[in-house]
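Following: one structure in structure tokens, then a few remarks.
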């Protein structure tokens, strides 16, 4: 949406490293981000009007884990909060909508997860249609493999293109202190690896991590008080496609394109952070967004350098906002995705003051 | 003692999260699944198109479709596929296989399903496949799989009696992780016959068991913040649970679960299992003493990073005979 009455900006961001296995409770991950945000802005807990979190109880197999997660924000006196069983990027969307109502100014947005106790491939097969897909264990990596092969068969990409995405992502991740992967294989070396979900290899699938991310979303003049260079949200929108893969053109992402069109997602971007959880998706999303060579894509390394499930999409927003805050970018695009084969896509366009 | 030493002594947490979902099928999927059980593949007409598996609605306009299903060919063409090298426990085969989009002859959208091809070298886009019905069919999408066309064989089909109107999906997920360091020390304390709490460096409040952090002050807590708390306390709340029947239920008779505030603690132990008292014997304010199981018979089963069921280490909670505590002063703890 672009037609809105209030300007809202990201004024502070925080993220934990992407851990292979974090040896502590999820609220601690959240607490570290929240304390970081508060100390950085000088805000107190009671200055936050609305708290929004995205997480998934299935990741660690703990029913109502999202309730315990509120421990991480300090829940007494009681706080005004909401939760989405989705990536934190969708919590950001809800927070942005909430701030449009005009009666509150400051929202805390969180995404978090501890995936290490569970089996991601099994858990996320439950996202599929409960009659036709989930009983088969039809999982996101296998479906991603089907999508990747659609690209190969349509001669849109080659396996070498997939490897090139990974090589470049890992190279960028080397400079990201929060990334998990510390490897520098060349594309040729990667192509020698065995298949995992053919035609995808293990490195084509974003490595699942434990982690949390959080940001403060603030409206109007309050944002300028709290931050020298706020990252203003020019627009944020999400769109979804059929959950039956056979009803979709898997070589394209029309939901990404239409979400971007709604928020003025064309034109020039200094930076784009894309939620690429399987290497071939970058080719599809770049094309759907019409990104040119003048846009730096995933300078953080993106999810292929570390995928803290349920925080990964919010981290894309954080990576763009922090580049606007430090002046290295003026206008940026953050993309988040949910469901198999890029089923649902969120686009957030951020811009700094001139 | 360091964390590694505890990990050697205490087993990791293995959790099986398992429960069935029962869903009604609705008229369209009900017919489709009934067809599968009876060895028949059915689709639905949408204008000039045939959709299989059938949807209740036009996927573009969302208009409801006439729920009159038509038989569909059991042969088709692979549109795209992915090879599963290392199947998980939720996959339909325990050997490598393909997931594929299969366009059945005469239909207009592909179906996602499994192809048991034996080897990745047998798979290709455009290959012809056929449905292989299973000997045992229950009215589920798992009643069949695809095979290369020449490998399908006939199965004796005996039609079932009643139409399929529900499906049962068993969710079954395994989790494995070490105990967190603070939880491992708490568990070790239980084996030693003592409760270990954590005192907040910010507020001085004592949490039993500690969570590794103070949820009110947002500070992390560690071994330096730990202390032993007495095993005597006060009932701050209780409930009598009458068991209802559900998957995995082991209880048959009503039982008591209580919150007990140990002396010196600021957070009650919650959901404490009380088997030695009757409903009329328990009340808020009642003073109780933990009676530990003998050393060597203490069992940490069920203790994980979330829950601390104490039944394996504490045999019972005996009334101390002291006068009751003032219930009005316990209101803060009635959780």
* Go through the residues of segment B:271-286 one by one and say whether even a single one is outside any loop (DSSP other than H, G, I, E, B), modelled with pLDDT under 95 and surrounded by 18 or more Cβ atoms within 10 Å (Cβ to Cβ). => no
* To do: Output the qualifying pairs, or none if there are none: Cβ atoms under 7 angstrom, residues six or more apart or on different chains, first residue in segment B:173-185 and more than 7 Å from chain A (Cβ to nearest Cβ), second residue in a helix (DSSP H, G or I) and buried (at least 20 other Cβ atoms within 10 Å of the Cβ).
  => B:179/B:187
* Among the residues of segment B:302-335, how many are in a loop (DSSP other than H, G, I, E, B) and under 30 Å from residue A:114 (Cβ atoms)? -> 13
* Residue list for segment B:88-102, filter: surrounded by 16 or more Cβ atoms within 10 Å (Cβ to Cβ) and more than 8 Å from chain A (Cβ to nearest Cβ) -> B:96, B:97, B:98, B:102
* Output the residue which, of all residues in segment A:238-250 that are modelled with pLDDT of 95 or more and surrounded by fewer than 20 Cβ atoms within 10 Å (Cβ to Cβ), is nearest to residue B:97 (Cα to Cα). => A:249
* Selection within segment A:76-99 - at pLDDT below 95 and either farther than 28 Å from residue A:24 by Cα or out of contact with any helix residue (DSSP H, G or I) (no Cβ under 9 Å at 6 or more places or on another chain) (or both) -> A:76, A:78, A:80
* **Options B:147, B:164, B:155: the member that is closer than 30 Å to residue B:76 by Cβ, over 30 Å from the mean Cα position of the chain (by Cα) and in a loop (DSSP other than H, G, I, E, B)** => B:155
* Asked: Within segment B:223-232, can one find any residue that is surrounded by fewer than 20 Cβ atoms within 10 Å (Cβ to Cβ), free of Cβ contacts under 8 Å to residues at least 12 places away in the same chain and either away from chain A (no Cβ under 14 Å) or under 21 Å from residue B:186 (Cα atoms) (or both)?
  -> yes
* **Residues located in segment A:6-24, provided they are within 14 Å of another protein chain (Cβ to nearest Cβ) and either farther than 14 Å from residue B:219 by Cα or touching a residue at least 60 places away in the same chain (Cβ under 8 Å) (or both)** => A:14, A:16, A:19, A:20, A:21, A:22, A:23
* Asked: Which strands (runs of 3 or more DSSP E) does segment B:1-86 wholly contain that include 1 or more residues that are over 35 Å from the mean Cα position of the chain (by Cα) and at pLDDT 95 or above?
  -> B:42-46, B:49-51, B:69-71, B:75-84
* Would you confirm whether any residue within segment B:268-284 is in contact (Cβ under 8 Å) with a residue 60 or more places away in the chain and out of contact with any helix residue (DSSP H, G or I) (no Cβ under 7 Å at 6 or more places or on another chain)? => yes
* Asked: If you take the residues of segment A:235-254 that are within 14 Å of chain B (Cβ to nearest Cβ) and touching a strand residue (DSSP E or B) at 6+ places or on another chain (Cβ under 6 Å), which of them is farthest from residue A:156 (Cα to Cα)?
  -> A:240
* Can you tell me how many residues in segment A:146-159 are at the interface with another protein chain (Cβ under 8 Å from one of its Cβ atoms) and buried (at least 22 other Cβ atoms within 10 Å of the Cβ)? -> 5
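Listed here are the residues, each with its yes/no results for (1) under 19 Å from residue B:80 (Cβ atoms); (2) crowded, with 21+ Cβ neighbours inside 10 Å; (3) over 17 Å from the mean Cα position of the chain (by Cα); (4) in contact (Cβ under 8 Å) with a residue 24 or more places away in the chain.
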{"position": "A:144", "(1), (2), (3), (4)": "yes, yes, yes, yes"}
{"position": "A:161", "(1), (2), (3), (4)": "yes, no, yes, yes"}
{"position": "A:165", "(1), (2), (3), (4)": "no, yes, yes, yes"}
{"position": "A:188", "(1), (2), (3), (4)": "no, no, yes, yes"}
{"position": "A:194", "(1), (2), (3), (4)": "no, no, yes, no"}
{"position": "A:206", "(1), (2), (3), (4)": "no, yes, no, yes"}
* Among the numbered criteria (1) surrounded by fewer than 24 Cβ atoms within 10 Å (Cβ to Cβ); (2) out of contact with any strand residue (DSSP E or B) (no Cβ under 6 Å at 6 or more places or on another chain); (3) without any contact (Cβ under 8 Å) to a residue 60 or more places away in the chain, which single criterion is violated by residue A:297? -> (2)
* If you take the residues in segment A:46-70 that are touching a helix residue (DSSP H, G or I) at 6+ places or on another chain (Cβ under 8 Å) and without any contact (Cβ under 8 Å) to a residue 12 or more places away in the chain, which one is nearest to the other protein chains (Cβ to nearest Cβ)? -> A:62
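Each row is one residue, and each column tells you yes or no for (1) in a helix (DSSP H, G or I); (2) in contact with a strand residue (DSSP E or B) (Cβ under 7 Å, 6 or more places away or on another chain); (3) facing another protein chain (nearest Cβ under 10 Å).
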| position | (1), (2), (3) |
| --- | --- |
| A:110 | no, yes, no |
| A:124 | yes, no, no |
| A:132 | no, no, yes |
| A:142 | yes, yes, yes |
* **Subset tally (residues that are under 16 Å from residue A:157 (Cβ atoms) and without any contact (Cβ under 8 Å) to a residue 24 or more places away in the chain) for segment A:259-290** => 1
* Asked: Across segment B:104-133, which residue is nearest to the other protein chains (Cβ to nearest Cβ) among those that are more than 17 Å from residue B:73 (Cα to Cα) and in a loop (DSSP other than H, G, I, E, B)?
  -> B:125
* Can you find a residue in segment B:207-222 that is modelled with pLDDT of 95 or more, within 14 Å of another protein chain (Cβ to nearest Cβ), under 28 Å from residue A:138 (Cα atoms) and in a loop (DSSP other than H, G, I, E, B)? -> no
* Can you tell me which residues in segment B:192-206 are farther than 22 Å from residue A:39 by Cα and within 12 Å of chain A (Cβ to nearest Cβ)? -> B:205
* **Which numbered condition residue A:269 misses (of (1) crowded, with 20+ Cβ neighbours inside 10 Å; (2) out of contact with any strand residue (DSSP E or B) (no Cβ under 8 Å at 6 or more places or on another chain))** => (2)
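Working only within segment A:181-219, note down all residues that are within 12 Å of chain B (Cβ to nearest Cβ) and assigned to a strand (DSSP E or B).
Hits for segment A:181-219 are A:195, A:196, A:197, A:198, A:200, A:201, A:205, A:210.
Just to verify a result, which residue in segment A:275-292, among those that are part of a loop (DSSP other than H, G, I, E, B) and closer than 20 Å to residue A:187 by Cα, is farthest from the chain's Cα centre (by Cα)? Working first, answer last.
The first filter runs over segment A:275-292 and keeps only residues part of a loop (DSSP other than H, G, I, E, B), leaving A:275-277, A:279, A:290-292.
If we keep only those that are closer than 20 Å to residue A:187 by Cα too, we end up with A:276-277, A:279.
Details: A:276: 9, A:277: 10, A:279: 15 Å.
Only one residue tops the list, namely A:279.
The values are calculated or read from the model by the stated rules, or taken from the named source; none is laboratory data. Computed from a predicted structure; not experimentally measured. Because the Cβ atoms are built from the backbone with ideal geometry, glycine has one as well, and the counts that use them run over all protein chains shown.
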